[in-house]
Structures are given as structure tokens and as C-alpha cells.
1. Please specify each residue of region 275-291 satisfying the condition of being in a loop (DSSP other than H, G, I, E, B) and at pLDDT below 95.
2. What are the residues in region 355-372 that are surrounded by 12 or more Cβ atoms within 10 Å (Cβ to Cβ) and outside any strand (DSSP E or B), if any?
3. Run down S253, S297 and say which single residue is touching a Phe, Trp or Tyr at 6+ places or on another chain (Cβ under 7 Å) and not β-branched (V, I, T).
4. Take region 288-319 and flag every residue that is polar (S, T, N, Q), buried (at least 20 other Cβ atoms within 10 Å of the Cβ) and more than 14 Å from V273 (Cβ to Cβ).
5. How about region 293-334: which of its residues are assigned to a strand (DSSP E or B), aliphatic (A, V, I, L, M) and either at pLDDT below 95 or more than 14 Å from the chain's Cα centre (by Cα) (or both)?
6. Would you be able to say whether some residue in region 273-283 is surrounded by 19 or more Cβ atoms within 10 Å (Cβ to Cβ) and more than 27 Å from V215 (Cβ to Cβ)?
7. If you go through region 194-216 one residue at a time, how many are out of contact with any Cys (no Cβ under 9 Å at 6 or more places or on another chain) and under 21 Å from I414 (Cα atoms)?
Amino acid sequence: MTGCLPPPRAEVVSMGTATPWRRAATRATTAWPAKGQAAAIARLEAGGLPDRRTEDWRYTDLAPFLERWNRYLDASVAPGSGGPGSGGPEAAPELPATGALRVDIRDGQPVAPAGALPGGLSISVRPAGPDLLARADAVESEPLVDLNTALATGVVVITLAPGVALDDAPVHVRLIGTGAPLLAQPRLLVDLGAGSRLALTVEHTGGPAALVNAVTQAWVGPGGHLELVRAQCLPDDGMLMDTGRIELAAGASATVTSVDLGGLLARQSLALVLAGAGASARVDGLFLADGNRHLDSRTRIEHRAAATTSREDFRGLADGHGHGVFNGRIIVLPGAAGSSAELTNRNLLLAATAEIDTKPELEIYVDDVRCSHGATTGQLDPQALFYLRSRGLEPGAARLALTRAFLGRTLAGIRNPALRTRLEAQLEVRLGRSGPP
């Protein structure tokens, strides 16, 4: 790796005198209130989108994402008519039932769920009430969140009344990108009342040439629990920017399982804010960067209150010419005495041409805490391979067994059996493509 970074490609950000977000804003009716939209556009005009001079974007270049967006804008076709050269929008693959209540958001346009909802659960495809929108706008701004706010064509709001438990009746949100000419900007807001429990799956899927900038924001009330499974299974040429944030009140908890198996260029940024005393979070994740895939996963866990707890285990695998990136950051702020945090990142390189960049970070601003972090990157254990071959397995089968075991631990934590089985099958397909037969 050289010490120099390529210069930013500013020419893809501005076409003529209009930035792509201003060009797109003339073609879409935003679902966000005008005041918030105007403020977001003003911040974008002042700071633009990040480039590789920014430390958090050192390993991921937005230029291909913006180039595709500008091509779609130049195609001058009506929204929803499909991408350039398309005869119509690509249909999203029909998925087997997962026993969940399903909500679809196609190219940023939400579709109301059919049928009756369980008591205490509300799912709205209209703009949220002023209190929730104010909370969303009050969160510290990020360029990709501002882009979503400026151009969001639909907002899905999921609310659960205090004391209602739906962790055995999951909600499955499909964010479907079809390669339509306007960059999809799905927005999901989740608000759980005190003592409520919700199991939520957010799945990114769609057709060829998908282009998506998604934002999910969740608030969990005192003593509540959110079980979130995030799965990215886009086609091999899909591009996704995915920003998530979960804020936990006193005694609240969240478990997050993140899976990246598809896409050509995908970056997820997940922040968990432990804002109330006794809040806790568990994060498990995996990515499989094979072929020419570039997958970037970033997590940020903020301990803001006393006696908060976090545990994170993230695993990555790269093969072929794939490039994986992981940055896990834990911040223990003043006032978070008695907190405990652990971060582990394990990575496997299956080819000399593959690359994984990892950067675990730990910042502590208070005494009386227990925190640890670490990362490893290596190859398959030769002794383990030899052992499996001595038991009669062919080289390819032995290799597959070890990589399956390395990544399979993360999927084992998904409680929904139908979803877990489908993701395991997709992982098998990916692993079957990797390496020699």
C-alpha cells in the first residue's frame, strides 16, 4: 500500500452548474418536510459528499456510485420507467416466506402492508409526526443522511406501543432497488415504547444496476429491546450506501446481526448510542468480498451513560480481487463509568490478490471501565486443512468446510429459521464460487 491517496474526483459531483442532488430534486417530490429538506440541501452545498481525503472514507471511493447516478440522471427518463436502456423496472426476486409481516420499499417508494397488524404495532407509509421527525433532524448530520433527507420519496415509520412484545412476530422490510433512474432513497424510522420488544429484518435486494442510499434510524425506550437483522443480498453489480443509527434509553437493549453477501460496491455505517444507564448492545456481522466486490463495514458504539455494555464480533472474508474494509470504533464518554465493552474482528484472506483493511478503535474518557479490542487477518490454518484431508475430504471440500465454519457462526444467531436457512444457502453459493473447486 502506498502512502499517497488519489485526488478526489470532484468532476463527478458537479455536472455543469448543478449538483446531482439539485438535479434529482427537480424530478422528485420529497416526503420530508420542506424545512428539513432545505437545511439538508444547504449542508450538502456547503460540504459536498465525502471523498478519500476524509479518514473515514480512505478505503472507499464514491466516484463509481456518483458516476452511475449521473448516467441515470442524464438518461432523462421518467421515474419508475427503469434504468438507461431498460424496457422497464427489474422485478425484485420473490422470496420464500419467512413467517414475518412483510413491508416493501421499491426504489424509495413504500408499499403499505396488507392485512391486519398485531395490536400495538403501527406501520405508516406517510411522513411521521413532528416529534419523531424532529428527533431525526436533531441527530448530528452526515452527508449521506442529508442526501437521503433531501431526496427521500417515501418514509416508512414503525412504532410499537409501550409494553407490547412482538419478538416472536417479526417485521420484514425489503428495500428493493431496481436500477430506476433516480437514486433510491429509502428512509425507515423505528420507535419502540418503554418495555416493548420487536424483531425486525431489513433486507436489501433488487434487480441489476440497483443504486441505493438507505437510512434507518431507531429509538428504543426504557427497558425495550430491538432485535435487528440486516441482510444485503443485492445483485453482483448493485451499489449501496447504508447508514443506520440505534439509540437506547435506560435499561434498553439491542442485538444486531449484519450480513453482506452481494453488491459490487456496498458500505454500511452503523452507530449504536447507549444513552441511558444500563443500556446494552450486541453486534455480530460478516461480509464476503469475493470476485471484484468492495464491501465496507463501519460500526460506532457510544457509551454515554453509566453501567452500559457492548459486545461486538465481526468477521470478514476476501477472495479473488475482493476488497473488504472494517472499522469498529468504541467510545466511552465522560459519565459512562462502570461500562464494559469488547470488540473482536477476525478476517480471512483466501487469495493473494484479495485485500482486507481493518481498523479497530477504542477511545476512553473516564476511569472505572473494562474495555478490550483486537483484530486478526490471516489465511486458513494449514494444520486444520491437513486434518480434514486426512479424514478423506478433497482439498476444495476441506477449504469450504473451514470457511463455512468461520462465517457460519454469525448466521447461527438469527432466530428466524426460514431467513437463516435462506441466508445460509446464499452463503453456500458464494463460497462455492470462491477458490478452486
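The values are calculated or read from the model by the stated rules, or taken from the named source; none is laboratory data. None of the values given here were measured: they were computed from a predicted structure. All Cβ positions, glycine included, derive from the backbone under ideal geometry; neighbour counts span all protein chains shown.
1. Taking region 275-291 and keeping what is in a loop (DSSP other than H, G, I, E, B), we get 275-279, 290-291.
The answer is D290, G291.
2. Within region 355-372, Y365, V366, V369 meet the criteria.
3. Of the residues listed, the single one that is touching a Phe, Trp or Tyr at 6+ places or on another chain (Cβ under 7 Å) and not β-branched (V, I, T) is S297.
4. So the first thing to find is which residues in region 288-319 are polar (S, T, N, Q), and the list is 292, 297, 299, 308-310.
Among the residues that remain, those that are also buried (at least 20 other Cβ atoms within 10 Å of the Cβ) are: 297, 299, 308, 310.
Within region 288-319, just S297 meets the criteria.
5. Residues of region 293-334 assigned to a strand (DSSP E or B): 294-303, 309-318, 323-332.
When the remaining residues are screened for being aliphatic (A, V, I, L, M), the result is 295, 301, 317-318, 325, 330-332.
Within region 293-334, I301, L317, A318, I330, I331, V332 qualify.
6. Checked region 273-283: at least one residue is surrounded by 19 or more Cβ atoms within 10 Å (Cβ to Cβ) and more than 27 Å from V215 (Cβ to Cβ).
7. The number of residues fulfilling the criteria is 8.
Conditions tested, residue by residue: (1) at pLDDT 50 or above; (2) closer than 30 Å to H172 by Cβ; (3) touching a helix residue (DSSP H, G or I) at 6+ places or on another chain (Cβ under 8 Å); (4) not polar (S, T, N, Q).
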{"residue": "T2", "(1), (2), (3), (4)": "no, no, no, no"}
{"residue": "E11", "(1), (2), (3), (4)": "no, no, no, yes"}
{"residue": "L44", "(1), (2), (3), (4)": "yes, no, yes, yes"}
{"residue": "G48", "(1), (2), (3), (4)": "yes, no, yes, yes"}
{"residue": "R68", "(1), (2), (3), (4)": "yes, yes, no, yes"}
{"residue": "G99", "(1), (2), (3), (4)": "yes, yes, yes, yes"}
